[in-house]
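Let me begin by presenting the structure, written as structure tokens, before commenting on it.
The values are calculated or read from the model by the stated rules, or taken from the named source; none is laboratory data. Every value quoted in this text rests on a predicted model; they were computed, and no experiment measured them. Counting neighbours? That spans all protein chains shown, and the Cβs are built from the backbone with ideal geometry, glycine included. SASA here: full protein model, heavy atoms, side chains in, ligands and nucleic acids out. Shrake-Rupley method; radii C 1.70, N 1.55, O 1.52, S 1.80 Å.
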Amino acid sequence: MTRKAERTTQYIIETVAPIFNKYGYVGTSMSHLTEATGLTKGALYGNFENKEALALAAFQYNRTILLKKIDGLLTAEGDALAKIESLINFYRQYDVFTLPIGGCPILNIGVDAQHNNSLLAAAAKETIKEVEGKIALVLENGVKRNEIKIPVPPLQFAKQLYTILQGAVAMGTMTRDRKYLINTAAYLNYLVSNEIKK
């Protein structure tokens, strides 16, 4: 692929990623995509095999933005408790962080694709498992270093923590009330400092 073709492909992905995330696979029309990119349908399909391939590339782009941020928080300097608290605090402002990409890609695509696109649904599910695994690793290492104590296996705790965070994202998104994020983060900070702090 030539450098110009690579740039065009990247431009298309970056431009359409928020659109697919906001409107979903079925709700995103070709006119949405051609208007946003300024390219013809033929030019879009010259870079991507079909709409499904483009939607998957768009999700992978948004997923990468989110995972890069989460990775940064969970691999930063500090003990396990500090890393978990920084992840929780990130979710206080999660709606602000995800606004440029059309909202939470895991929630939006994960729900939207359930009954109409098995590839996208699988990609969202895989992303959830990846995030849970990253949290579990921090917890596991924290237990090994005697930094924290948890009453259940690390992966189980990680799944529960992430479920609560994503629940707040869902409620905040549906009600357009960011207090769900703020109050949930405050509750989780209290829970973490009381339950797992040594």
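Identify all residues within segment 106-118 that are surrounded by 14 or more Cβ atoms within 10 Å (Cβ to Cβ) and touching a residue at least 40 places away in the same chain (Cβ under 8 Å); write none if there are none.
Once the filter is applied, which keeps residues that are surrounded by 14 or more Cβ atoms within 10 Å (Cβ to Cβ) and touching a residue at least 40 places away in the same chain (Cβ under 8 Å), segment 106-118 yields Ile106, Leu107, Asn108, Ile109, Asp112, Ala113, Asn117.
Under the condition of being open to solvent by less than 50 Å² (accessible area, probe 1.4 Å) and either touching a residue at least 60 places away in the same chain (Cβ under 8 Å) or assigned to a helix (DSSP H, G or I) (or both), the residues counted in segment 26-46 number 8.
The criterion of being crowded, with 19+ Cβ neighbours inside 10 Å, aromatic (Phe, Trp, Tyr) and assigned to a helix (DSSP H, G or I) does not hold for Tyr23.
Of the residues in segment 137-146, at least one is charged (D, E, K, R), farther than 29 Å from Thr28 by Cα, outside any helix (DSSP H, G or I) and modelled with pLDDT of 95 or more.
When residues in segment 119-156 are screened for being open to solvent by less than 50 Å² (accessible area, probe 1.4 Å), without any contact (Cβ under 8 Å) to a residue 40 or more places away in the chain and farther than 16 Å from Leu74 by Cβ, 2 of them pass.
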